[in-house]
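Novice: Could you have a look at this structure, given as structure tokens, before my questions?
The values are calculated or read from the model by the stated rules, or taken from the named source; none is laboratory data. Please read these numbers as outputs of a predicted model, since none were measured by experiment. Note that we place each Cβ from the backbone using ideal geometry, even for glycine, and neighbour counts take in every protein chain shown.
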Amino acid sequence: MPQFTISNSTYLQLLLHASKHFSEPVTGLLLGRKITDVSSTSMINITSCVPLFHSNGFTLSSNVDLALTLVSTYCESKSLSIIGVYHSSSFNNSQDLPLAIKKIGETINKITKTSVVLIIDDQKLKKGKEQIAIKAYCYRSKWISVKVNSLSQKNFKQGIEELSNEESSSGENEKEVVVIEEEEEEEKKEQGKTKNSKSVKDYEFQIGDEGMLVEKFKKLLLEEKFRQIIDLEDHLNNPELDFLTQNIN
Amino acid sequence: MNKNLETLQNKPNNWKAARDLLREYREKQARNSYEIIKYGLPLINKKSQKLSKEELFEVMEQVFLAGLDVNIEESKTLLLKLQKQFPKSLRVTKLSGLLEEAMGNWKSAITIYKSILKNNPSDQIARKRLVCVSKAQGDVVLTIKNLNNYLSHFQGDTETWEELLEIYLTQQCYSKALYCCEELILAEPNNYQHHYKIANIYYTIGKRTDLIKARQYYAHSIKLLKEQNLKSYYGLYLTANKLKSLYSKNLDQSETQINEQLLQFAADKIKNVYLKLEDNDTKKTVLDFFEKNK
């Protein structure tokens, strides 16, 4: 069963990117590794992100081509691959993935055969009621919504053990990478996906402890850490700035 | 980094730096809401006597607008003060409309703006706010309709043409986006940004003739601004590269030569920009890329 996980620092960084440019749509790439163990379970770990745009630049192929070109060269040198894209829409209440984001995801899928889109849901960040604020989608001939589950403390240690066995080759010193279990959304079953040999049940998207992440995000906002986020657009306006490695946390 | 901002980070109580910073932001109409609230609120609350009456109310309006982004409770308080001071002011009424918008009370906001327009039918700001409400509600069709309606009355408003351009791009209506860009170029022919934008759209449409047009517009953008225009050089490189890889059979010899020259020109210029910089991941990646793709 393929599983997707996202490291805590990546999740926080993409939220910070969106916070820095609160009035605009933000887009960025997700980088990580695909690991297949003996039982042919593949795990896709998102270990970092590269912020790209804080405008409608994502709708233009010239910008996207530039981003994918530079980031894939970068990935080669770090033995990472582009796993997917994250986005925060300028339109509120938008239920669907924007078409341009789907296209970017499909382009990524052609190259790496896995693609995840994370949409930032700012409704889930209302004061006093903060939760994990992303919706996940993965591509299996078409875009499937995948529920994001936050790991509770009970499964925490078990998840860490499983991961540390599989990620021994990973260069990341990510202590807090956690494996999350996903449950299927009932409505997806009802859509009659019998044509697809693998059922949606097979996909799980996991993220760390909700309470901890919410607290950490609030703390980073107060410390105004979002100022340190640099995206591709910032780099094009000032080439001295490095957009490929974010140094936060 | 901004001089005033630097001063304030070391001495947060320096009211002169705060006042000057806010003046700069007002001039540039910058939306740096975090900073405006952080340094503007203490200015209003504790040092209001240091500002002239005129400036005090301008700062209050500025902090009110910033609060709509980051601290809405402060905005509510400020609006009450402004309403007390200027009870029948059109300007303050518009601010009350903005507060309703920020809180998501679309009907109240629309009522306020429509009543403004009833008495002041040529008021551009109220008209624009109505467009913003429809955009915030997610009603793309209505937003486009409202924008076109506005532009039929006020054709010279480049800010609105840019807004319409952005919406068409999100809806993938590239030919209509091109039309908006052409209006921008007509209005401001020496603005390199408009040429860069139209080049991006032609590149996105992507057929052979479009790529050639894109290449021309990137080149023109570079002609208008030779330095500090890295994005146009990248655009030129990518376009020439795409023409080379996709359409080399369809280009005759002279065209192929021109394309190759432009490709090399852009590549050299980009490399030169990075070679002057300190080492970091981005510099290494870019130089790696050009090494592999000679």
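Novice: Is the stretch A:56-75 home to any residue that is more than 11 Å from chain B (Cβ to nearest Cβ) and either within 14 Å of the chain's Cα centre (by Cα) or not hydrophobic (A, V, I, L, M, F, W, C) (or both)?
Specialist: no
Novice: What residue, among those in the stretch A:10-48 that are hydrophobic (A, V, I, L, M, F, W, C) and farther than 26 Å from B:GLN171 by Cα, is modelled with the lowest pLDDT?
Specialist: The extreme case among them is A:VAL38.
Novice: A further question on this structure: Considering each of B:TYR179, B:TYR196 in turn, give the residue that is of a type outside the set (Lys, Arg) and crowded, with 16+ Cβ neighbours inside 10 Å.
Specialist: It is B:TYR196.
Novice: Also, quick follow-up: Here are the criteria: (1) more than 14 Å from chain A (Cβ to nearest Cβ); (2) at pLDDT below 90; (3) farther than 23 Å from B:LEU130 by Cβ. Tell me which single one B:ASN32 does not satisfy.
Specialist: Every condition holds for B:ASN32 apart from (1).
Novice: Hey, another quick one. Inspect the stretch B:236-248 for any residue being closer than 25 Å to B:ILE205 by Cβ and facing another protein chain (nearest Cβ under 7 Å) and give the result as yes or no.
Specialist: yes
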